[in-house]
Amino acid sequence: MHVTHIAIFALLAAGAYALPTSAQEFSATGVGRDTTGHVVKSKIYMRAGKVRIDPQEAISANEQAYIVLDLTQRTGTAVNRGPKTYSIQSGAEAQKNLQFYSGASPCPPAGATCKDAGTEALNGRSAERWEITQSMQGQILLTRVWVDTKLHVWTKVEVLTGATLVASTELQDIREGPQVASLFVIPAEFRDITPPKRGG
């Protein structure tokens, strides 16, 4: 399933961290930008350890995809409303999205430097900013991560090479409050098209 328009709301990073003990419920607008200036927006919902990422633009009539993340099971399910199908992601594929919302530490493993740059306001909310510097394919990458001090989710990520912005992801218009449970349930009539595991 083609979910490129969703994947920009993920950071390709390593490491793991304990999930928040009491994740808050909220909705937000996700805004992603790449090096060309292309902007992708999604509606984000979080409830009871689950996150729904719902693009505001359909790719085509047959490609109306969204993702439901399960932070406890550490899986992602890509759902396509066009053909009424879904596929379950796991491992590295799901990890790309899970870290953004699971409260994962922004600090990667050995080979990079990580600095706590202190607490500051971001879109009217308190956030702790981290700066990670690492070498990748002969280039020095600077990644800035803002972690909301109340929600314990990453609310902004910027990746730069020198002064050039490679990509950014940000949660805007965060609204705390109960979210509808049905948003996170895969419709019973949808067909599972998850590829079989290798060797299984």
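Nothing in this text is a laboratory measurement; each read-out follows from the coordinates by a stated rule. Quick caveat: nothing in here was measured; it's all calculated off a predicted structure. Note that we place each Cβ from the backbone using ideal geometry, even for glycine, and neighbour counts take in every protein chain shown.
Pairs Lys84/Lys197; Lys41/Lys156; Lys115/Lys156: which are spaced more than 20 Å apart, C-alpha to C-alpha?
Details: Lys84/Lys197 22 Å; Lys41/Lys156 14 Å; Lys115/Lys156 16 Å.
Violating the 20 Å limit, Cα to Cα: Lys84/Lys197.
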Pseudo-spin-label distance Ala188 to Gln56, built 7 Å along Cα→Cβ, given in nm, is 3.5 nm
Protection proxy (average C-beta count within 10 Å per residue), highest first, orders 163-176, 182-195 as 163-176, 182-195
Computed from the beta carbon distance with a Förster radius of 25 Å, FRET efficiency for Arg74 and Leu141 to the nearest 0.05 stands at 0.50
The answer for Leu122, listing residues at least 5 apart or on another chain whose modeled amide H is closer than 5 Å to its amide H, is Ala127
Length gained, Thr149-Ala117, 0.36 nm per residue minus C-alpha separation, equals 10.1 nm
Expressed in nanometres to one decimal, the distance between label points 7 Å along Cα→Cβ at Arg81 and Leu160 is 3.8 nm
Between Asp173 and Asp34, the two model label points (7 Å from Cα along the beta-carbon direction) sit apart by a distance in nm of 2.4 nm
